[in-house]
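The values are calculated or read from the model by the stated rules, or taken from the named source; none is laboratory data. Because the structure is a prediction, the values reported are computed rather than measured. Because the Cβ atoms are built from the backbone with ideal geometry, glycine has one as well, and the counts that use them run over all protein chains shown.
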Amino acid sequence: MITVAFDQNREDPRPYIEKAKPTHPSLIDTEHRVADLYGIINVSTVVWIDKGKIVRPNAIEYGSDMFTQFHGLESAPHLAAVRAWVNDGTIENADAESIKSRMMAPTADEQLARAEFALAWHLSQAGNAEAAERHYVRAGELSPFDWTIRRGSMPIRGQNPMGPEFFELAQEWDAAGKPGYVSESAKRGL
Amino acid sequence: MSETTFTLIDESRPIETTAHVDGANVTLAPEAVRAALGWELKPEGLCRGQVCVPVRDDRIAESGIALDALANALGRPLALDAENHVAALGASADVRRAQFASLEAPDFELPDLAGAMHRLSDHSDKKVLLVAYASW
């Protein structure tokens, strides 16, 4: 297992990592590089990789049922699937065409949103919050349900990621039919 | 129009270069583009290694390369803040689509809490459950 935290500094995920005492690599991605490379738009997202190949594409999965009421996903099916994969190599829908059909390639707007986010983060680090804010807003407009951008930018912008801006985003997402691979995961039983 | 320091973020890697900034128009010298991004202006177009991209925009010339024209020629998304002399060039959706179709897991290198660097490819002989999460 490799975990990657999309946080803007090492201190925010530190308490969780120190409490878990992981024996696997537990990494911090302040630039959201892995989000871009793997088309990740929400957390927690898992990708299964075997000998350098993706064998199960991006899916929202959880290690517990703490937030099942919110997103509707139970942890048990995925945990059982991981055990089967590790123990005897079993993977459902593992042929290449099936995997490719489930990969959600980004749109041009979503990639532009990532560039806007990178620019905004650079401006934030330079202390130019006013200019950064314009680009965070633009990134959110271009990719309105990329949670790594909209919710991920909340702590940087002085917003509470569990506060009013989060619930506003959650309502927007709910009203739009919960787009993204959350609903895809649920529909496909992945 | 005067030459000034300009930051070009290339897929999250900031590069300090120089550019002419005139309002929203940002122009780099071909040498600056070559040094920053590795693309060289040649008679056949913009070239990097064995790859050449044809140039059909006269704002890409030996006298200067307009940043938005460069992004367009390379098919890359451009986020620009000319006032603050910084821009970000992202990866194109086409590049990501082709990469996804290959099913190759892109390599990356990131630090852990102690600052030690780790690469995905260090585990290329194993099954890897890649889990992305956040404290927020």
Self-check item: Every pair of residues 6+ apart whose Cβ atoms lie under 8 Å, when the first sits in the range B:53-68 and is free of Cβ contacts under 8 Å to residues at least 40 places away in the same chain while the second is part of a loop (DSSP other than H, G, I, E, B)
Solution: B:VAL53/B:TRP39; B:PRO54/B:GLU44; B:ILE65/B:ALA29; B:ILE65/B:ARG59
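Residue by residue, here is whether (1) over 23 Å from B:ASP81 (Cβ atoms); (2) more than 10 Å from chain B (Cβ to nearest Cβ); (3) of a type in the set (Ser, Thr, Tyr) holds:
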| site | (1), (2), (3) |
| --- | --- |
| A:ALA81 | yes, yes, no |
| A:TRP85 | yes, no, no |
| A:ALA96 | yes, no, no |
| A:HIS122 | no, no, no |
| A:ALA132 | no, no, no |
| A:ALA139 | no, no, no |
Quiz item: Any chance the range A:15-24 includes a residue that's out of contact with any helix residue (DSSP H, G or I) (no Cβ under 6 Å at 6 or more places or on another chain) and in contact (Cβ under 8 Å) with a residue 60 or more places away in the chain?
Solution: no
Exercise. Please indicate, with yes or no, whether at least one residue in the range A:29-46 is part of a loop (DSSP other than H, G, I, E, B), farther than 30 Å from B:LEU89 by Cβ and of a type outside the set (S, T, N, Q).
Key: no
Exercise. Taking only the range B:89-112 into account, find how many residues are facing chain A (nearest Cβ under 7 Å), aliphatic (A, V, I, L, M) and either surrounded by 19 or more Cβ atoms within 10 Å (Cβ to Cβ) or under 27 Å from A:LEU119 (Cβ atoms) (or both).
Key: 5
Exercise. Taking only the range A:1-46 into account, find how many residues are facing chain B (nearest Cβ under 7 Å), out of contact with any strand residue (DSSP E or B) (no Cβ under 6 Å at 6 or more places or on another chain) and among the basic types (Lys, Arg).
Key: 2
Quiz item: Of everything in the range B:1-25 that's of a type in the set (Gly, Ala, Ser) and in contact with a helix residue (DSSP H, G or I) (Cβ under 9 Å, 6 or more places away or on another chain), which residue is modelled with the lowest pLDDT?
Solution: B:SER12
Quiz item: Do we have any residue at all in the range A:107-115 that's free of Cβ contacts under 8 Å to residues at least 40 places away in the same chain, farther than 26 Å from B:ARG76 by Cα and β-branched (Val, Ile, Thr)?
Solution: no
Exercise. Tell me which of these B:ARG34 doesn't satisfy, since it passes every other one: (1) more than 14 Å from the chain's Cα centre (by Cα); (2) over 25 Å from A:HIS135 (Cα atoms).
Key: (1)
